[in-house]
Every structure is written in C-alpha cells, then in structure tokens.
Amino acid sequence: MKKILILIFICLLSSGGLIFSQNKVWSLEECIKYAIENNIQIKQQGIQNQVQKNSLDLAKFQLLPNLNGQASHSYSFGRALDQNTYQFFNQTLQSDYFYLGGAMPVFNGLQYYNAIQKNKYQVLASQQDLQNISDNVALNVALSYLQILLNKELVTANQNQLDISLQQIEKTRKMVDAGSVAKGNLLEIESQAAQEELSLITQKNLLETSVLILTQLLELKTPSGFEIIVPEINVDPNAIVSGNIDDIYAIAEKNRPEIKSSELNLTASEFALKMAKGSRSPVISLNYSLNSRYTYLSNVPGIQSFSNQLKNNKNSGIGLSINIPILNGWQVNKSISNSKLNVETSKYNLEGTQKQLYKNIQQAYTDAVAALKKFNVSLKAIASTEESFRYTEQKFNVGMVTPVDYNAAKTLLLKAQSDMTQAKYEFIFKTKVLDFYKGIPLTLN
C-alpha cells in the first residue's frame, strides 16, 4: 500500500510538471534562447566546429618529431648466419631485432606553418557560421512570434464583426416580429453572419498553424498548451525608419557573421595556395635511429646472454636528408592551379555575400517604409470607415438602407482593420530586422 501511495505521489508530481510546462507563457526572448539551444542544425554546426579544431591540432602536431618502434622475432632453419660471429651453422637459429627511429622536419617550404594558418582561419570561419545559423534561427522565431500576434489580432477583429452581426440579428428579428421590416432583411444578416463565422474559423486555423510553426522551431513535441506573452504593441504614426541603407550596411558589413566567415575562408584559401606553392621547395629532414639484435643457437658454446647481446649489438645513427621535387606527374603545378581557382572562388563568395547582405537590408528598409505608409493610410481609412459604418448602421436600424449596403459597410471596416494590423506587424518586423543588422538584439520591449 505504501508503494502504491508513493507511485501516485510521483505521478501527481509528474503531471503537475506537465501542466506547468503547458501553462508556461513564452516571451520572445525565451523562445529565441530555447530555439538556439535545441536547434539540430546548430548542434550539427557545433560538431563541425570541433572537427575543424581537431584539424588545427593535427596541423600543429605535424611540427613535432615522429618516433616509431619495431620489434621482431624470427626462426631460421638449415644453414643460417649468426649475426654476432658471422659464422654459418646448420641448425635452427632464433633471432630478435629491435628498432627505434624517426624523423623531424627541418624545412618543407613552410607547408606545415601555412597548414596551421589555413586551419586556424577555417576554425574561425566555422565559428562565424555557427553564429550566422543562430541569427537565422532567431529571425525565424521572431517572425513566427509576430505572426502569432498578428493572427490573434485578426481573430479578435473577426470575432468582433461576428458579434456585431449576432447583435444585429436579434434587433432585426424583433423588428421583423413587429412588422417594421421585411423578413428578407433578417435572412441577409443571418447569411452575412454565417460568412463571418466561416472567416473566423479560417482565421483561427491560421492562428493554430502559426503556433505550430513556432513550436516546431522550438523543437517542442506538441503545440498543445503553448502560449506566448502578448505585449502591448503600438506604432507611432509619426515614426520614421531611422538611418539609411548605406549606413546600416556599413555597420552590418563589419559585424555580420556571414561576412566575417567569407573573409576568413578567403584568407584560409590564400594560405592553402601558399601550401601548394611550398610543394615546389626541397624537403629537409633530420633522421635518427637506434637498433639492436639478439641471436640464439642451441649447443653452441660462448653464446652471450640476451642483455649482453642487446648492449653489444646496439647501433645508433643520425642523418640529414633532402628530397628535391623534379618531376611528379605535374601534380604540384595542378595543385597550385586549383588552389588559385579556390582563392578566386572565395573572393566571389565574399562578394556575393556582401551583395546579398546589401540586398537584404535594402529590401527590409524598403518594406519598412512601405509598411509605415500603409499603416498611416490604414489609420485614416479606419477612422473614416468606422464613422461611415456607424452612420450606415443607424440608417439600417430605421430601414433607410438595405442589408446589402449594411454588410458592405461592415466588410469595408473589417478590411481596413485587417490592413492596419498587417501593416503594423510588417513594419515592426522589418524595423527589428534592420535593428538586428545594426547589432541590436531582438526584443519587443
């Protein structure tokens, strides 16, 4: 019984944790932080960064001397030569051989140094790639977050329109019952309400879809219970889009990770070219070795012990070697040619990245200006449309206008409200994008 109670208690705690998780209300900053921590692409890039660091370590280790050991044990049958006495014996001979040796690079056309530099810049470029991926995730999360806020406002606007129609249905029904208006008026209003209910359902579906998109960006298993903080967002009609395209680009070019990554990759390709050219240089190496042997013959007097033979047969040496490339199937020249082409490719990649950044800023700036203009026009449209709708509603209530005119006025009001809401959030997102290019963190505060 005690075990059952403990199990129930644990289940309650677990369900409570689940409820708490579902009831959590997410801010934009929390969504961005969580998405970056759980994004698969970011994790993969983190692994790639470690691979690049390992390549850098390997390039550094090339400067160290190498050392290798060898040991062998062999049997010789029949006529065999004793390596100690240089006498031949016609019997089984056992021998051991031990070797320790290696080489150390002295000069190889600075290939190892240039390899270290190349890998160092590739590590730095990989880190910038990671930051760029994180920034793209943050922008996508911000866009999805604002899309939810937009859809919430549009749902509210559609709900308000439907509520007005439902209230008008009750008024018209009473007027029909009193015989003051024709029943056709009631049918027209009911038909309009049905259309508005369908629009409301469609807008709610769009809201659910936008919530699903954001939860998928966060790598959450389900959108069930997911809620975001709905801040009060207002746009000043007198607002302006600060700065200009060239000024924003000048800031972004110095700080954006995609630009830095392209610049670093260009530098890495230049060091790769130096590596390829270094293959034309002679390679000078310092060689060293230490070896000894042991031989055993049965029934032969005077055979030295194992330790004495190793000591007496010890041999060491040191030497300097030079390898001069003369003809190697044109591989060096082609490697240099390909490295030059890679440098040119890296230059074009940098130029392309710079142009794409400028286009993105140009597009965001143009969209922000257009959205602000649309927002201000929409405010004026709402003011006039609301007044027109109130006037039309008053005349409809006394039978001076038809239901068709009334519904048209209400539809115009909803369109003006929707246009204003969409322009508002488009302006907010585009200005946030421009701020992001300036190095300002994404926030709705």
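Observations on the model:
- Residues Ile248, Ile318 in ascending order of nearby Cβ atoms (within 10 Å, fewest first): Ile318, Ile248.
- The chymotrypsin sites (Phe, Trp or Tyr not before Pro) of region 279-347 that meet both conditions, a loop assignment by DSSP and at most 16 other Cβ atoms within 10 Å of the site Cβ, are Trp330.
- Linear extension gain, Asn287 paired with Leu110, 0.36 nm per residue minus alpha-carbon span: 61.8 nm
- Vicinal HN-Hα couplings computed from phi for region 227-241 (Karplus, 6.51 cos²θ - 1.76 cosθ + 1.60; Hz; Gly/Pro x): 9, 10, 5, 9, x, 7, 10, 10, 10, 6, x, 8, 5, 10, 8
- Eligible aspartates and glutamates near Lys334 by straight Cα distance, threshold 20 Å, same-chain separation 8 or greater: Glu270, Glu344
- Residues whose placed amide H lies under 5 Å from that of Glu227, excluding near-sequence neighbours: Trp26
- Sorted peptide list for 133-144, 196-207, 113-124, criterion being average Cβ within 10 angstrom, highest first: 113-124, 133-144, 196-207
- C-alpha center-to-center spacing [region 235-253, region 419-437] in angstrom: 12 Å
- Each peptide in 152-158, 103-109, 320-326 gets a packing score, the mean of other Cβ atoms within 10 Å over its residues, and the list from highest to lowest is 152-158, 103-109, 320-326.
- Per-residue 3J(HN,Hα) values for region 318-324, derived from phi via the Karplus relation 6.51 cos²θ - 1.76 cosθ + 1.60 with θ = phi - 60°, read 9, x, 10, 10, 9, 10, 10 Hz in sequence order (x marks Gly and Pro).
- Long hydrophobic helices in the chain: the complete DSSP H runs spanning 20 Å or more by Cα along their own axis with mean Kyte-Doolittle hydropathy of at least 0.5 are 2-23.
- Using the empirical formula 2.2 N^0.38 Å as the baseline, the Cα radius of gyration of region 43-157 reaches a ratio of 2.38.
- Once C-alpha pairs closer than 8 Å and six or more residues apart are averaged by separation and normalised to the residue number of the chain, the relative contact order reads 22 percent.
- Peptides 366-376, 434-444, ordered by how many other C-beta atoms sit within 10 Å of their residues on average, highest first, read 366-376, 434-444.
- Helix content alone sets the calculated 222 nm mean residue ellipticity of the chain: runs of n ≥ 4 DSSP H residues at -39500 (n - 2.57) each, divided across all residues, give -24500 deg cm²/dmol.
Here, each number is a calculation from the coordinates, and none is a lab measurement. Note that this is a predicted model, so its numbers are computed, not measured. Here Cβ is always computed from backbone atoms with ideal geometry, including for glycine, and neighbour counts include all displayed protein chains.
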